[in-house]
Amino acid sequence: MSSPVSNPERAGSPLGGRAAVISGASRGIGRAVALSLAGQGASVCCVARDAAALESVAAAVRAAGGHAITVAVDLTTSGAAGTVIREVQAAFGRLDILVHSAGSIHHGTLESGRIEDLDSQYQANLRAPYALTQAALPLLLAARGDVVFINSSAGLAARRADVGQYAATKHALKAIADSLREEVNGRGVRVLTVHPGRTATSLQETLHQEAGARYRPELLLQPEDIGAVVALAVALPRTAEITDVSIRPAINSPA
C-alpha cells in the first residue's frame with residue numbers, strides 16, 4: 001500500500017505529496033487551515049485538546065477524499081511536541097508544512113491583570129509553538145518545508161488599553177518567526193507570519209460578549225479567508241517566499 005503522502009490520486013493537486021501539521025485545528029482558523037490544505041492535496045495531522053472536535057475535522061477531510069490523522073494533546077504540557085512529531089513520522093514519514101494556530105487570550109489592564117493569565121498566554125502563545133517548531137525542524141529541513149505562524153494584528157501594534165499581556169506574547173512570537181527565518185532560509189525552509197484582524201470565530205464571539213458589544217460575524221474576516229491565504233503561500237514555487245501577511249476585514253465592524 002502506498003503511503004498517504006504518495007497517493008497517486010492526489011499527486012496532481014497543488015500540495016499533493018506533502019504532509020502538514022496544524023495546531024489548534026479543532027475549530028476556527030486552525031480548522032479552516034486544515035481543510036484548506038487538505039483540499040489542495042496535503043495529508044494533514046490535526047492537533048488540539050478536544051478529541052471529538054478533531055475527529056469532526058478529520059471526518060470532513062476524509063469525506064472530501066483527503067487523508068487526516070488526529071493527535072489530541074495539550075501542547076503546553078511537557079513532551080507534547082515530541083508526541084506530535086512521532087505520530088506524524090509514523091503516519092506520513094515526512095513533514096512539509098507546520099502551521100501554528102493554537103493560542104489563548106485574556107483581556108485586562110496592567111493594573112488589574114492576573115500574573116496567572118500572563119503565564120498561561122506565554123505557555124500557549126509562545127512556548128508551545130517554540131517547542132513544536134524545535135521538535136519538527138529536522139523533518140522540515142529534510143523536506144525544505146514551510147513554517148506558518150498564525151499571529152494577530154496585536155502582534156504588530158497594541159492599539160487597545162487591555163491587550164498588553166496578549167500583545168506581548170504575539171510580538172514575541174513574531175520575533176521568533178523572524179529570527180527563525182534567518183536561521184533556516186538558507187537551508188530551504190520558508191517562514192510566514194499571518195496577522196489576521198478580527199475573525200468570525202467562537203472566541204471572537206465570546207470577546208464581544210464580554211465587552212458588551214454586538215457580534216456581527218458577517219462584518220469580520222472568515223476563517224476560510226485565512227485558510228486560503230495559508231494554502232496559497234505554501235503552494236508558491238520555491239523561488240518565492242511570503243514573509244508577512246497582514247489581513248483585515250474589508251468592512252470594519254463598528255464594535
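The values are calculated or read from the model by the stated rules, or taken from the named source; none is laboratory data. It should be emphasised that the depicted structure is a prediction, and the values quoted were computed from it without experimental measurement. Here the Cβ is made from the backbone with ideal geometry for all residues, glycine too, and neighbour counts use every protein chain on show. Quick note on the areas: whole protein, heavy atoms, side chains included, nothing else; ligands and nucleic acids left out. Shrake-Rupley method; radii C 1.70, N 1.55, O 1.52, S 1.80 Å.
For the reader, a short list of remarks on this structure follows.
- Residue 88 being touching a Cys at 6+ places or on another chain (Cβ under 6 Å), surrounded by 22 or more Cβ atoms within 10 Å (Cβ to Cβ) and touching a residue at least 60 places away in the same chain (Cβ under 8 Å): yes
- Set 208, 171: member being under 21 Å from residue 108 (Cβ atoms), modelled with pLDDT of 95 or more and in a helix (DSSP H, G or I): 171
- Of the numbered criteria (1) open to solvent by 60 Å² or more (accessible area, probe 1.4 Å); (2) at pLDDT 95 or above, the one residue 192 fails is (1).
- In the stretch 16-25, the count of residues that are surrounded by fewer than 23 Cβ atoms within 10 Å (Cβ to Cβ), within 29 Å of residue 197 (Cβ to Cβ) and modelled with pLDDT of 95 or more is zero.
- Pick from the stretch 233-252, criterion open to solvent by 60 Å² or more (accessible area, probe 1.4 Å) and among the hydroxyl-bearing types (Ser, Thr, Tyr), ranking: nearest to the chain's Cα centre (by Cα): 246
- Verdict on residue 25 being closer than 17 Å to residue 140 by Cβ, of a type in the set (Gly, Ala, Ser) and not in a helix (DSSP H, G or I): no
- Residue within the stretch 83-94 that is closer than 24 Å to residue 122 by Cβ, outside any loop (DSSP other than H, G, I, E, B) and hydrophobic (A, V, I, L, M, F, W, C) present: yes
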